[in-house]
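This report refers to the structure that appears directly beneath it.
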2 protein chains.
Amino acid sequence: MSTSVNSAVSACPESGDLGVTHGPIEGSTKRYLDRDGLRIPQRRVHLTNGEHLDLYDTSGPYTDADADLDLERGLPPTRANWRRPEPVDGAATQLAWARAGVITDEMRFVAAREGYDAELVRSEVAAGRAVIPANRCHPESEPMIIGKAFAVKINANIGNSAVTSSIAEEVEKMVWATRWGADTIMDLSTGKDIHLTREWIVRNSPVPVGTVPIYQALEKVGGDPTALTWELYRDTVIEQAEQGVDYMTVHAGVLRAHIPLTAQRVTGIVSRGGAIMAAWCMEHRTESFLYTHFAELCEIFARYDITFSLGDGLRPGSIADANDAAQFAELRTLGELTAIAKSHGVQVMIEGPGHVPMHKITENVRLEEELCEEAPFYTLGPLATDIAPAYDHITSAIGAAMIAQAGTAMLCYVTPKEHLGLPNRDDVKTGVIAYKIAAHAADLAKGHPRAQQRDDALSRARFEFRWTDQFNLSLDPDTAREFHDETLPAEPAKTAHFCSMCGPKFCSMRISADVRKAATVDLTLGAP
Amino acid sequence: MSTSVNSAVSACPESGDLGVTHGPIEGSTKRYLDRDGLRIPQRRVHLTNGEHLDLYDTSGPYTDADADLDLERGLPPTRANWRRPEPVDGAATQLAWARAGVITDEMRFVAAREGYDAELVRSEVAAGRAVIPANRCHPESEPMIIGKAFAVKINANIGNSAVTSSIAEEVEKMVWATRWGADTIMDLSTGKDIHLTREWIVRNSPVPVGTVPIYQALEKVGGDPTALTWELYRDTVIEQAEQGVDYMTVHAGVLRAHIPLTAQRVTGIVSRGGAIMAAWCMEHRTESFLYTHFAELCEIFARYDITFSLGDGLRPGSIADANDAAQFAELRTLGELTAIAKSHGVQVMIEGPGHVPMHKITENVRLEEELCEEAPFYTLGPLATDIAPAYDHITSAIGAAMIAQAGTAMLCYVTPKEHLGLPNRDDVKTGVIAYKIAAHAADLAKGHPRAQQRDDALSRARFEFRWTDQFNLSLDPDTAREFHDETLPAEPAKTAHFCSMCGPKFCSMRISADVRKAATVDLTLGAP
């Protein structure tokens, strides 16, 4: 990597000598479970009453106080030493192995990480109901599983655009997003240095990395969609595959025949990949090369174990266009492509909308499961209304929580800048936290065995006025503490039996604790 | 009103000479529909293509550039000149008149405001499925309706606590909250100057004002719940009734027998009113005076047409406690009290939780409707998880949208400071916008006839790159514009066919517009 890039990275704010944010999250330490030689990362929250809570941890070595970090060298290639089974019918993929009854180290890792049995992981992967995106060229990653039987995952999009931001900022955004809980990141860079930006991100990413290869292909032809060719696209995919990209969005479901279905829409085609392919089909008056060459793409994906994220190029961009003929015609094509990919042993997930009013959300999941063999659904929100630009992390967290409860396996975050501009570091954090909320709310609703532990621990801390524990158990300890301290900054307030919201006389929790004491006495004495 | 208070009001920031924020919202003007002599306020958003959109408007004269405002004088007492029918069986209430077949001016006003027939309003009020909180001593208010057949409403809590804030800030918070869309406000002040603070708020509030009289009663006895008496409480209610409070939260459903049901809870009793009454019952070893004197309370409410908001003193304060025996035992008692209130001709709504995981939300609505004769449900969120203090406007917007879709008529907002401290002006705005999102998402899902007009207008503006229109049609034009301008501040960018999120080459909407043009040509020519 060039030194000029490195010096740019070192210029990151609040990042110290390393160039990116690092060190434990407030009140927590990093630890590793040993499972038959696999080191399973966890974040341990230490409570003031001597107890602790261990949490799923996506942040990689960056939150380990003892880690030896060096962005130029990249993260240690942990998976390079793991057992690698023989390919099955040419496919060296988690899907092929799962079908052959093999439990891989990746499967054991994700099972231990979530507290499930490794055999459940294998069977869900074998059925195509879950995927483990893990390119063999990305040995630095800590495997994770995406499927409705497991905890709901979230993705954070990063990436510069032609208008703004630098490589250094993008690496920091990746570290920052995973610090707050992003389970995967997608590098959607579209500007210059696209290859180098991705190299820095992949080498330093502890989570799977996704891309949309058509963006780089378009850069190569100077931004003219009609100048794209299959060969150029294929070579771009191989270039990214070699770098270690774990999953790729491919808009192969946008067929020429679908385009007229978008003509009467309020917002036409809002997916960049979808619009690019539509422009190509229109110009060449022929079928999409992504569709006609799909089998060749599968052969490439099978060699690296890249997971398809079949893009919804015709997703609705407004409430008016939700669940329309264009959207569902494409979904049917994605079902067809799912079967082809799986016949090559390639893992598949399906992308979903977008903008959908609440009463039309469930239908999306039902139809996706029916048409796409229950492949994991991966949705962008959806936004439950169009009327709140600057707050679309909220409009979409509503839709995301509901669609995850209905069975969506991974949620692509939306930041407050959606529709308005490129997110900065604060926006990335806000988007990640909003989506951790949506995902966790769905885990609670679906009864994930570990989910409610955290709510209960935090609520017990709240009721017992252990303010520091309440902060440290929260999704964002720093902001919770800051908000509390705005009105009651003094250290004694951290154990005070009230806060500034109600003041000392009106604290229901204090009165309630008194009532409980009295009630216990009454009950003991058998009083009426 | 004292001059010292007025000078405090004048010290408000960003409020000019008047003392509070005023003037039209960016891109809009105030207008009034004339309906048989009633002036129905609307906010007209002016679009750059010559079109306009008229919106429901809660902001009162403060957003009217021509209004003659004076906080010391208060708002003009519009309703003082409206027709006032004779009492029916001693009750001069919207419920009594509706049952007698009378369509009041208040009913005509709310019907015109929402675009419904006045007879529908009358029949919903008569059935007790909707309420119009309008104390005859608050003639300054612009009537609004709360009921599941109508647009979902939101309430903003304001009020100082013993720890912080002043009267001036509270008046400004009321004006500020209604500017952004609060349909009612509750004054939850608990500190000193409680009577005077409320006087300023009511005289200047264009929306119904709610209170929790037990808070002031508790102030009168120096903060000791056990020193409360029925007589003191009754006199406090009358004092507030004379001031013009439109609805009052009464925790009359917390019975002595319910208290032991909270003993094993993770977070006990989290409602202030609930905790106060439980402490009283425990100390006196007798039934709650709110319950034993409920009929007397109804007689007072009937004289002023105050609406009951029957408080859920035993609402769950954590995911663990949701939908438990204590909560539903109280709800059954609220059903009993609903029947009593209605037999006195008094309007009733029922308060609801709190903290509820998504899969337990619908049950709350179903049971409330079954037990409380479909009285309008008025819920605080609910929060869909406990783990995100500092983001509880989001955790609760998820629950609020879902419970509103299921039939809740009004949502009490939650700000980012919930559980941590008293909200400031920015927090109030954030809470209001988050709840406008939840309410509007539910209106869309329920098919409110006017709801989708705004989404469609905004999305059309978005697709046509009318940036200014997109901002002005949004819930918060100022922040949308500010976010856009962070990366593309130049004026030409306001009509540019891209933004900094994707940059010019990758704008799907631009490509899509090109595709549409080409497709139209193709279709016209009958090409394949």
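The values are calculated or read from the model by the stated rules, or taken from the named source; none is laboratory data. Just so it is clear, the model here is predicted, and its values are computed rather than measured. All Cβ positions, glycine included, derive from the backbone under ideal geometry; neighbour counts span all protein chains shown. Side chains included, ligands, DNA and RNA excluded: accessible areas come from the protein's heavy atoms. Shrake-Rupley method; radii C 1.70, N 1.55, O 1.52, S 1.80 Å.
Of note:
- Altogether, the Stokes-Einstein calculation at 37 °C and 0.692 mPa s, with the Kirkwood radius of segment B:249-309 over Cα pairs as Rh, returns a diffusion coefficient of 262 µm²/s.
- Centroid-to-centroid, using Cα positions, segment B:313-378 and segment B:47-106 are 29 Å apart.
- The charge dipole of the protein assembly as shown, taken about the Cα centre with unit charges on the Cβ atoms of Lys, Arg (+1) and Asp, Glu (-1), comes to about 940 debye, rounded to the nearest 20.
- Inter-copy label distances at residue A:117 (7 Å, Cα→Cβ; nm, one decimal): 6.1
- Label-point distances for residue B:222 to the equivalent site in the other copies, using a point 7 angstrom along Cα→C-beta, read 8.7 nm when ranked shortest first.
- Estimated dipole of segment A:239-304 in Debye, rounded to 20 [Cβ of Lys and Arg +1, of Asp and Glu -1, Cα centre]: 400 debye
- Using the Cβ-Cβ distance between residue A:54 and residue B:46 with R0 = 51 Å, the FRET efficiency computed as 1/(1 + (r/R0)^6) comes to roughly 0.35.
- Approximate spin-label separation residue A:336-residue B:284, in nm, with each point projected 7 Å along Cα-to-Cβ: 7.6 nm
- Computed [θ] at 222 nm, helices only, for chain A once each DSSP H run of length n ≥ 4 contributes -39500 (n - 2.57): -13000 deg cm²/dmol
- Inter-label distance, residue A:34 to residue B:366: 5.1 nm, where each label sits 7 Å from its Cα along the C-beta direction.
- Accessible area per residue (1.4 Å probe, heavy atoms of protein chains only) ranks B:192, B:360 as B:192, B:360, with the largest value leading.
- The slack in the chain from residue B:196 to residue B:220, taken as 0.36 nm per residue of separation less the alpha-carbon distance, amounts to 7.2 nm.
- Inter-chain Cβ neighbour average for residues A:398-410, partner chain, 10 Å: 3
- Averaged per residue, the protein assembly as shown has 31 square angstrom of accessible surface, using a 1.4 angstrom probe with ligands and nucleic acids left out.
- Net charge dipole size for segment A:195-330 [Lys, Arg +1 and Asp, Glu -1 on Cβ; Debye, nearest 20]: 260 debye
- Computed E for residue A:239/residue A:127 - FRET, C-beta separation, R0 35 angstrom, nearest 0.05: 0.65
- Segment B:315-417 - percent of accessible surface contributed by carbon and sulfur, probe 1.4 Å: 51 percent
- Label point 7 Å beyond Cα along the C-beta direction, distances from residue A:37 to other copies (nm, shortest first): 9.1
- Solvent-accessible area of segment B:128-224 (1.4 angstrom probe, protein heavy atoms only): carbon and sulfur portion equals 48 percent.
- Full extension of the chain between residue B:300 and residue B:72 yields a length gain of 79.2 nm, computed as 0.36 nm times the residue separation minus the alpha carbon distance.
- Peptide A:259-268 shows a mean partner chain C-beta count of 6 within 10 Å per residue C-beta.
- Accessible-area value, residue B:344, 1.4 Å probe, nucleic acids and ligands omitted, Å²: 60 Å²
- Per-residue average of Cβ from other chains inside 10 Å of A:448-455: 3
- Accessible surface buried once B binds A (1.4 Å probe; total of both sides; Å²): 9400 Å²
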